[in-house]
Amino acid sequence: MEEDSAGGSPACFAHLLVDGHPVDPETARDVARFRRAERARLLKLRTLRADHRERATACLIEGLDRIVAPRAARTVAVYWPIRGEPDLRPWMCRVHEAGAQILLPVVTAKDAPLEFHTWSPDCRMARGIWNILVPASGEPRRPDVVIAPLVGVDETLHRLGNGGGYYDRTLALIETPPRTIGVGFAGCQLPTIYPMPWDVPMDEALLSDGTHLKR
């Protein structure tokens, strides 16, 4: 009778599910607050002088040349740079010219998995969701390699991104996982992002000071 008068227990555990995973809601909120603060701190570090940014980006491109060999049958997903991310478009052009297929991520709907569409230096671009440039047409392709921009990366190679969760959501659904490489400017490492059940670690991380981490 006392339980009845107090309203009883919840009928199910749906209130403990976060993104479909059983997670303590308070823990999820604490982790989200921590990540917002770290994201803001690390984004400030991207404010580099033009000459420093040029040298750092050149170092990243040299590193990619060493670890990702372009092949005619290979599909490589890269990204269109926003918010001070390393600009890999010169490398994308070279890899395309070498015969590999370059793909760009496309957000088709909020909170939906990404699609990867074919890009070429002369393809027509359009403004997608979040106003990011994406190929104006093209069918989804499966990438062999995914190169994702890092806001931060921790010791277990879990990636701190822009906060939408799109890469994690997408990579978790690919039946045969692609090789995943996070790229970022030096200084973006941190001990942990407090990984949650839905976070997917990178296979490798490449930083602009030559650091190359592998899982």
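The values are calculated or read from the model by the stated rules, or taken from the named source; none is laboratory data. Please read these numbers as outputs of a predicted model, since none were measured by experiment. As a convention, Cβ positions derive from the backbone with ideal geometry for all residues, glycine included, and neighbour counts pool all protein chains shown. To get the accessible areas, we keep the full protein, side chains included, count just its heavy atoms, and leave off ligands, DNA and RNA. Shrake-Rupley method; radii C 1.70, N 1.55, O 1.52, S 1.80 Å.
The table that follows gives values for the structure above.
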{"quantity": "Å² per residue, accessible surface of the range 22-91 at 1.4 Å", "calculated": "57 Å²"}
{"quantity": "In degrees, nearest ten, helix 25-45 long axis to first principal axis of the chain (Cα)", "calculated": "30 degrees"}
{"quantity": "The chain, accessible surface, carbon-and-sulfur percent (1.4 angstrom probe)", "calculated": "53 percent"}
{"quantity": "Alpha-carbon centroids, the range 53-100 and the range 151-201: separation in whole Å", "calculated": "19 Å"}
{"quantity": "On Cα atoms only, tilt of 50-67 relative to the major axis of the chain in degrees", "calculated": "90 degrees"}
{"quantity": "Ranked packing of 163-171, 189-197, most packed first, by mean Cβ within 10 Å", "calculated": "163-171, 189-197"}
{"quantity": "Cα convex hull of the chain, projected area averaged across orientations, nm²", "calculated": "14.4 nm²"}
{"quantity": "Solvent-accessible area per residue for the range 125-187 (1.4 angstrom probe, square angstrom)", "calculated": "44 Å²"}
{"quantity": "Estimated [θ] at 222 nm from DSSP helical runs (n ≥ 4, -39500 (n - 2.57)) normalised by residues in the chain, nearest 500", "calculated": "-8500 deg cm²/dmol"}
